[in-house]
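All remarks here apply to the structure that follows.
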Amino acid sequence: MVACRYMCDTEARLQPPVLPSFEIAALTVYLSVLILAAISDARRLEIPNWISLVLAASFLPAAVLAGLSPSAIAIQYVLALATFVVAAILFSVGLLGGGDVKFVSATVIWIHWQQIGFYFFCMAVLGGVIAAVVLVLGKVQALAFLKTRIPWMNDNRYPPHSIPYGVAIASAALVVVVQSNFSLFGRFIIGAH
């Protein structure tokens, strides 16, 4: 009986999630914008402002359609504001770019407060991996051909150890989405009960 219960539970967990159409649309927008930001940052060390604006502005209608309470929505915007303050401090000491500050703040709006620690942990680890890759590309002569394919690595306008941290920000958000079984709002609704 225990084995059957385990197998049934395992089979249920392996089933793809059934999402409402508005959540599929919101998930499509969210994932598309994350991917565009990562590509933009990897290519040019820039995250266009419209990306952060789309993320910040699209959360409210999506959250209302999902049935989130006004207090749950407010908590997400407060978390984004707190993230903005901390990220702005990191910007002021040269650890983040301005686009990264806006992008991470807008991304946090979409991440349930109970997943924020996991998100920042993933972002730090992935940022470290990206930094290591960039450093290796800059030092290892055998990989010089790769360095020539990344325009900002050969541009003197950028500091020599610039890191496309938007890639880590977007990747960590993608990890959180996958970890939550591709449900943007299931965690909010479950946490509300």
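No value in this document is a laboratory result; all are computed from the given coordinates. Keep in mind that what you see is a predicted model, and the values were worked out from it rather than measured. With ideal geometry, Cβ positions are generated from the backbone for all residues, glycine too; neighbour counts draw on all protein chains shown.
For region 65-78, putting each phi into the Karplus relation 6.51 cos²θ - 1.76 cosθ + 1.60 with θ = phi - 60° gives couplings of 4, 6, x, 5, 6, x, 5, 5, 5, 4, 4, 5, 6, 5 Hz, in residue order, rounded to whole numbers and with x for Gly and Pro.
Applying 0.36 nm per residue to the separation of LEU137 and ALA25 and subtracting their alpha-carbon distance, the gain on full extension is 36.5 nm.
Taking 0.36 nm per residue of separation and subtracting the current Cα-Cα distance, fully stretching the chain between ILE116 and VAL78 would add 12.4 nm.
Sorted on the mean count of surrounding Cβ atoms within 10 Å across their residues, most packed first, peptides 65-71, 43-49 read 43-49, 65-71.
Summing +1 for each Lys or Arg and -1 for each Asp or Glu, what net charge is found among the other residues whose Cβ lies under 14 Å from the Cβ of GLY166?
After counting each charged neighbour, the total is 0.
Counting other beta carbons within 10 Å of each residue's own, what order do VAL33, VAL108 fall into, fewest first?
VAL33, VAL108
In order along region 83-99, the Karplus-derived 3J(HN,Hα) couplings, from 6.51 cos²θ - 1.76 cosθ + 1.60 at θ = phi - 60°, round to 4, 4, 4, 5, 5, 5, 5, 5, 5, 5, 9, x, 8, 9, x, x, x Hz, and Gly and Pro are given as x.
List TYR165, TYR77 from most exposed to least, where exposure is judged by having the fewest other Cβ atoms within 10 Å. Intermediate results must be reported in sequence, preceding the final value.
Working: TYR165 25, TYR77 16.
Listed from fewest to most nearby Cβ atoms, that is TYR77, TYR165.
Across region 113-122, coupling constants 3J(HN,Hα) worked out from phi with the 6.51/-1.76/1.60 Karplus curve, θ = phi - 60°, read 4, 6, 9, 4, x, 4, 4, 5, 4, 4 Hz, and Gly and Pro carry x. For ILE109, no residue has an amide H sitting under 5 Å from its own, ignoring neighbours fewer than 5 places away on the same chain, with H placed 1.01 Å from N.
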